[in-house]
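Take a look at the structure below.
The values are calculated or read from the model by the stated rules, or taken from the named source; none is laboratory data. These numbers come from a predicted model, not from an experiment. Counting neighbours? That spans all protein chains shown, and the Cβs are built from the backbone with ideal geometry, glycine included.
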Amino acid sequence: MPENIWTIVGAGDALGGLEALIEERRRLGPVCVAESLDQVPAAATCVMQVGGAAPPSIFLSLPTATTRNGRRVPIGWLPADRKNGLLAYASAASRVVRRQALGLKSGPAVLLGQWHERTLNLVDAVEGLVDLSRFRWTAERLVRRDLLSALRCGPGVALYFGHALSGGWVGYGGVAAETLIANCGEPLGAVVSIACETARRPEGRPSFCEELVLGGYCAAALGASARTLHEHNRILARGLCSALGRAQSLGDALRLAEVPDEFFSHYRIFGDPAAPLLGAEHAEDAAKQVFAPAPDYLLKSS
């Protein structure tokens, strides 16, 4: 049995919109297309499920949600009933996957956050834990217009901290999925919202995270399906940021993060947890040109 099998689960008609991504994955290595979770191979490292009533918890769990050798694996989700969204997702995710042929390093990572003392203190605490090329674009440094422009470079991963709702981030005066998608340049590897409710589907309507992946904005998104405690998010943020430098994908980072499962309980993955955390070819050079100095930059440099 080959190792590191990329695995997608769903009915045949549900996977039709993802053919481009499946073929791109086949060019890179072994692929398993399964109809149900009990067919997930033991060598799977991540799983993407297409269809089902709602996104599952981020790890496959006992008794039927593990691979046959007992390992837990990260699982991402996409709805099966939005064909145009699946086509847009497949196109964007394929572009991210093709970056692996360029020999790029993981990253860059961009740290985003609300202009709020507690949030900025959290970003201060985790910024140095990110062992990747990184940039800080929190809301005390740049306004929404400039953030939207900056993200067009297609970073490997964007991490947002602060308040959020099912419709998007509260920081920067409010950022909705449709606004990000309308300003999309290069797709991001992953968008991580360590905040409340960005994976919540009010009355069955798509969540912020869901809209991001189906709009072709990123290859994977992580968010919470309910309100979360700041202290829990602080622990999750430290664990996840510490793992990014050793991770090739969002799924890797979640698996490597030394965080008890209880802190993941409300979080969900949308899209492919195995999508590489690779930015566009010139993302780092473009990010270096973004004007986002710290408010006390002149004081610290004098």
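Right, Leu256: buried (at least 24 other Cβ atoms within 10 Å of the Cβ), among the aliphatic types (A, V, I, L, M), assigned by TED's automatic domain parsing to the domain that holds Gly167 and out of contact with any Leu (no Cβ under 6 Å at 6 or more places or on another chain) or not? Taking the combined requirement at face value, the residue does not satisfy it.
Take segment 160-180 and flag every residue that is surrounded by fewer than 18 Cβ atoms within 10 Å (Cβ to Cβ) and in a loop (DSSP other than H, G, I, E, B). Passing the criteria: His163, Gly174. Taken together, the residues in segment 71-115 that are at pLDDT below 95 and in a loop (DSSP other than H, G, I, E, B) amount to 10. Being among the aliphatic types (A, V, I, L, M), in a loop (DSSP other than H, G, I, E, B) and either in contact with a Ser or Thr (Cβ under 7 Å, 6 or more places away or on another chain) or more than 24 Å from Ala280 (Cβ to Cβ) (or both): is that true of Leu142 here? No: the conditions fail for Leu142.
Checked against (1) hydroxyl-bearing (Ser, Thr, Tyr); (2) at pLDDT 95 or above; (3) farther than 30 Å from His282 by Cα, Ser36 passes all but a single condition, namely (2). For Ser249, only one of the following conditions fails: (1) touching a residue at least 60 places away in the same chain (Cβ under 8 Å); (2) under 30 Å from Asn84 (Cβ atoms); (3) more than 18 Å from the chain's Cα centre (by Cα). What is its number? Going through the list (1) touching a residue at least 60 places away in the same chain (Cβ under 8 Å); (2) under 30 Å from Asn84 (Cβ atoms); (3) more than 18 Å from the chain's Cα centre (by Cα), Ser249 breaks only (3).
Are any residues in segment 207-221 part of a loop (DSSP other than H, G, I, E, B) and of a type in the set (Gly, Ala, Ser), and if so, which ones? Break it down into steps so the answer makes sense when it comes.
Looking only at segment 207-221, we keep the residues that are part of a loop (DSSP other than H, G, I, E, B), and these are 207, 215-217, 219.
Listed by number, the residues that qualify are Ser207, Gly215, Gly216, Ala219.
Taking the criterion of being surrounded by fewer than 21 Cβ atoms within 10 Å (Cβ to Cβ), not in a helix (DSSP H, G or I) and not small (Gly, Ala, Ser), the residues of segment 116-131 that qualify are His116, Leu129, Asp131.
State whether one or more residues within segment 141-148 are crowded, with 24+ Cβ neighbours inside 10 Å, touching a strand residue (DSSP E or B) at 6+ places or on another chain (Cβ under 9 Å) and within 18 Å of Leu214 (Cβ to Cβ).
Residues of segment 141-148 crowded, with 24+ Cβ neighbours inside 10 Å: 147.
When the remaining residues are screened for being touching a strand residue (DSSP E or B) at 6+ places or on another chain (Cβ under 9 Å), the result is 147.
When the remaining residues are screened for being within 18 Å of Leu214 (Cβ to Cβ), the result is none.
No, segment 141-148 contains no residue that is crowded, with 24+ Cβ neighbours inside 10 Å, touching a strand residue (DSSP E or B) at 6+ places or on another chain (Cβ under 9 Å) and within 18 Å of Leu214 (Cβ to Cβ).
Out of segment 181-206, which residues are assigned to a loop (DSSP other than H, G, I, E, B) and farther than 19 Å from Ala54 by Cα?
Looking only at segment 181-206, we keep the residues that are assigned to a loop (DSSP other than H, G, I, E, B), and these are 183-187, 189, 195-201, 205-206.
Hits for segment 181-206 are Asn183, Cys184, Gly185, Glu186, Pro187, Gly189, Ala195.
Considering segment 16-41, the residues that are free of Cβ contacts under 8 Å to residues at least 40 places away in the same chain, in contact with a Gly (Cβ under 9 Å, 6 or more places away or on another chain) and among the aliphatic types (A, V, I, L, M) include one that is nearest to Gln100 (Cα to Cα), namely Val33.
Put simply, of Gly29, Gly85, Gly12 the only residue that is in contact with a Pro (Cβ under 8 Å, 6 or more places away or on another chain), surrounded by fewer than 19 Cβ atoms within 10 Å (Cβ to Cβ) and not assigned by TED's automatic domain parsing to the domain that holds Cys209 is Gly29. Ile194 falls short on exactly one of the conditions (1) buried (at least 20 other Cβ atoms within 10 Å of the Cβ); (2) among the β-branched types (Val, Ile, Thr); (3) under 21 Å from Ala283 (Cβ atoms), and that condition is (3).
Contact map, segment 76-96: residues that are under 15 Å from Gly51 (Cα atoms) paired with residues that are charged (D, E, K, R) and surrounded by fewer than 24 Cβ atoms within 10 Å (Cβ to Cβ), Cβ distance under 7 Å, separation 6+ or inter-chain. No pairs are found.
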